[in-house]
Amino acid sequence: MRRNRAENDASHNKLTRRAALLGGAQLLFMGGLAARMRYLQVDQADQFRLLAEENRINIRLIPPARGEIFDRNGVRLAQNVPSYRIVIVREDAGDVEAVLDRLAQIITLDPEVRERVLAEVKRSAPFLPVTIIDDVSWEDVSKVSVNAPALPGVTPEVGLTRVYPRGSHFAHVVGRVGRVSQADLDALEDPDQLLRIPRFQIGKINVEARQEALLRGSAGTKQVEVNATGRVMRELARREGQSGADLQLTVDANLQGYVQARLGEESAAVVIIDCETGDLVANASAPSYDPNLFIGGISSADYNPLLQSLYRPLVNKTVQGSYPPGSTFKMIVAMAALEEGLAGPDDTAYCPGFVEVADRKFHCWKRAGHGWVDLGNSLKQSCDVYYYDLALKVGIEKISAMANRFGLGIRHDLPLSSVSSGLTPTKDWKKTVRGADWVIGDTVNASIGQGFMLASPLQLAVMTARIATGREITPRLIKSVDGVEQPQGVGAPLGLNENNLRQMRRGMYDVVNNRRGTAYKSRIIADGMRMAGKTGTSQVRNITAAERARGVTRNRDLPWERRDHALFVSFAPYDKPRYAVSVLVEHGGGGSTAAAPIARDVMLQALAGGEPPLEAYPTGDRDRIREQQRKLRDIQPMAKIDGKDQA
């Protein structure tokens, strides 16, 4: 059927409108496409050029601030301070040698440093900063900043570094940090990636090392965009890390400072333990060293004298040193005999100056002997023969078992490096370790803390605290972590006969306060402060029969390293023990002359909470003590809490 003209016109108009709409849509699409292409190719050209150079997103670690360490009163022992360094970037510097020459005219730049920088610049990427000088002063930073236009590529940077404001006084407690070495990484099965950050510091010894996981904190991260050559183009995102935990130790900075000053140039150790809590309020080893010297790497000129000294300043004698405890061990032998019912406080033994055992003479320290002595007098006058006789009755197994109950032969769990377990020998030990049978002479030697018997000053302080309290005192060094109090060291009762313990305490009281006591000259006369103690002298050489026949050579006539060690243990106040003290003076001679005076002074300092009154000393000692206090006051630094001096 043929359509008329009107119908054809209507159909044509409809097609024309559709074509127009389709053409308009096509035009709009092409216009949008062109605009998008212009945006991508012109407006975003730089962005896509970076992508074309294989840019990628890297996640980089942000080192956390290390936790700080405080004493029991809030005095900072280890803190973080800003550390400035000067760096250079080769691509910004251009002529590196010329820039270094100009820098040398502004700040001190050793020729060795200049050569090192040039070598590092050559082997580093041109955009990476190379450290010129570490730990520069603010004055040098200012000089570099002011002269920046003349020093292209040279910029100062700031970071955090460890500082020990109390210096040598806490080297053997807090320890030190140092830069991560390859040996540190090799020692770890799965090292934290933080340890691979250049110049990152970790704990090397003592609390800094043993509490590394707490002190280090956790890393933050930042997302950065880098190009194919590794150059950072921009930072995209950042997540801050978590700072390390702050630790509060049990030690008292002022008391520790006094003890270190009192030890002076001696090769010695002092441990003071709180009998109520087990807290170590002082733990001093002398001589010491400045841990700040190790932070950036110690020089040979500073390190060699420390390494070669006969006095071993790098060794923490309080826990690492194991020494024959000498006569300070006699309370253990006596307790073993009393607990076994093999001796009573009124039983006596005759001391002619020696005893013969297995065709060998074992001598008393007093050549003429002590005559008839009971338990109290044997402690007061430190008669050796009395304890030879007791040990033969008790036997080494029970003696060693009793020593363990008092904390000897036990490795105490403290965050310090190389804590010694000492040695309380048994027959099996000698068979296994020495490949020989135990002989009766070994028991005799052990009875006076000689032979194979070994103990650290820490263990002797624990032993004394347990005698004083009858409780299983355990030493504590960490008081709190981020303000959270840690468990104290007051344990359960030892389960020993209290009357027997009372005999030990009374005998130790007489050692110091009876005129015939071996430490009478070091007594405290102030009521409420009176001290009980025990002297000890341990031989480090054999005395031959020929020497005994002509007279034993006096310690002062021997070379230093062949002299006897001097020891003293004590607790006070006698009626209500607050502190227990052990003192060791290496090659100091007699315990009564070298160790006991130190113990009295540090005990009084602890009890008084500062400089004690002169009235606590016997009248004849006061002039000397007054002068001693004046000298120690001059060399002893004052603790600071939040920037304020504390007496």
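The values are calculated or read from the model by the stated rules, or taken from the named source; none is laboratory data. Remember, it's a predicted structure, so these values are computed and weren't measured experimentally. Reconstructed Cβ throughout: ideal geometry from the backbone, glycine too, with neighbour counts over all protein chains shown.
Does the range 583-606 contain at least one residue that is of a type in the set (Ser, Thr, Tyr), surrounded by 14 or more Cβ atoms within 10 Å (Cβ to Cβ) and touching a His at 6+ places or on another chain (Cβ under 8 Å)? For the range 583-606, residues of a type in the set (Ser, Thr, Tyr), surrounded by 14 or more Cβ atoms within 10 Å (Cβ to Cβ) and touching a His at 6+ places or on another chain (Cβ under 8 Å): absent. Taking the listed residues 330, 361, the one that is closer than 25 Å to residue 591 by Cβ and modelled with pLDDT under 95 is 361, with no other qualifying.
One line per residue, one yes/no per condition, for (1) of a type in the set (S, T, N, Q); (2) surrounded by fewer than 22 Cβ atoms within 10 Å (Cβ to Cβ):
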| site | (1), (2) |
| --- | --- |
| 453 | no, no |
| 456 | yes, no |
| 475 | no, no |
| 484 | no, yes |
| 489 | no, no |
| 495 | no, yes |
| 501 | no, yes |
| 506 | no, yes |
| 512 | no, no |
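Among the criteria (1) of a type outside the set (D, E, K, R); (2) touching a helix residue (DSSP H, G or I) at 6+ places or on another chain (Cβ under 6 Å); (3) in the same structural domain as residue 509 (by TED's automatic domain parsing), the one residue 322 does not fulfil is (2).
Go through the residues of the range 308-319 one by one and say whether even a single one is β-branched (Val, Ile, Thr), closer than 22 Å to residue 421 by Cα and out of contact with any helix residue (DSSP H, G or I) (no Cβ under 8 Å at 6 or more places or on another chain).
Initial filter on the range 308-319 (β-branched (Val, Ile, Thr)): 315, 318-319.
Imposing the further condition that a residue be closer than 22 Å to residue 421 by Cα reduces the set to 315, 318-319.
Add one more test, that the residue is out of contact with any helix residue (DSSP H, G or I) (no Cβ under 8 Å at 6 or more places or on another chain), and what stays is 315.
For the range 308-319, residues β-branched (Val, Ile, Thr), closer than 22 Å to residue 421 by Cα and out of contact with any helix residue (DSSP H, G or I) (no Cβ under 8 Å at 6 or more places or on another chain): present.
Among the residues here, residue 125 does not qualify as out of contact with any Gly (no Cβ under 9 Å at 6 or more places or on another chain), more than 30 Å from residue 246 (Cα to Cα) and of a type in the set (A, V, I, L, M). Of the conditions (1) without any contact (Cβ under 8 Å) to a residue 40 or more places away in the chain; (2) not in a loop (DSSP other than H, G, I, E, B), residue 421 fails just one. Which one is it? All conditions pass for residue 421, except number (2).
Is one or more of the residues making up the range 326-347 surrounded by fewer than 17 Cβ atoms within 10 Å (Cβ to Cβ), outside any helix (DSSP H, G or I) and either on the phi > 0 side of the Ramachandran plot or outside the structural domain of residue 493 (by TED's automatic domain parsing) (or both)? Within the range 326-347, one or more residues are surrounded by fewer than 17 Cβ atoms within 10 Å (Cβ to Cβ), outside any helix (DSSP H, G or I) and either on the phi > 0 side of the Ramachandran plot or outside the structural domain of residue 493 (by TED's automatic domain parsing) (or both). Here 512, 490 are screened, and the one residue that is touching a Cys at 6+ places or on another chain (Cβ under 9 Å) and among the aliphatic types (A, V, I, L, M) is 490.
For every residue, the table says whether it meets (1) at pLDDT 95 or above; (2) assigned to a helix (DSSP H, G or I).
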| position | (1), (2) |
| --- | --- |
| 581 | yes, no |
| 589 | no, no |
| 595 | yes, yes |
| 599 | yes, yes |
| 602 | yes, yes |
| 624 | yes, yes |
| 630 | no, yes |
| 634 | no, yes |
| 645 | no, no |
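The condition (being more than 30 Å from the chain's Cα centre (by Cα), closer than 17 Å to residue 80 by Cβ and not basic (Lys, Arg)) is satisfied by just one residue among 157, 120: 157.
The condition (being within 25 Å of residue 362 (Cβ to Cβ), of a type in the set (Lys, Arg) and in the same structural domain as residue 525 (by TED's automatic domain parsing)) is satisfied by just one residue among 562, 600: 562. Counting residues in the range 487-503 that are part of a helix (DSSP H, G or I), out of contact with any Lys or Arg (no Cβ under 8 Å at 6 or more places or on another chain) and hydrophobic (A, V, I, L, M, F, W, C) gives one or more. Among the criteria (1) on the phi < 0 side of the Ramachandran plot; (2) assigned by TED's automatic domain parsing to the domain that holds residue 508; (3) without any contact (Cβ under 8 Å) to a residue 12 or more places away in the chain, the one residue 303 does not fulfil is (2). Residue-level check: of (1) buried (at least 19 other Cβ atoms within 10 Å of the Cβ); (2) more than 19 Å from residue 290 (Cα to Cα), residue 138 misses just (1).
Listed by first and then second residue, the pairs linking a residue in the range 254-274 that is farther than 9 Å from residue 284 by Cα to a residue that is of a type in the set (Asp, Glu) and assigned to a loop (DSSP other than H, G, I, E, B), with Cβ atoms under 8 Å apart and 6 or more places separating them unless they lie on different chains, are 266/586; 267/586.
Yes/no matrix, rows are residues, columns are (1) under 27 Å from residue 359 (Cβ atoms); (2) part of a strand (DSSP E or B); (3) of a type in the set (A, V, I, L, M, F, W, C); (4) modelled with pLDDT of 95 or more:
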site	(1), (2), (3), (4)
398	yes, no, no, yes
401	no, no, yes, yes
407	no, no, no, yes
428	yes, no, no, yes
432	no, no, no, yes
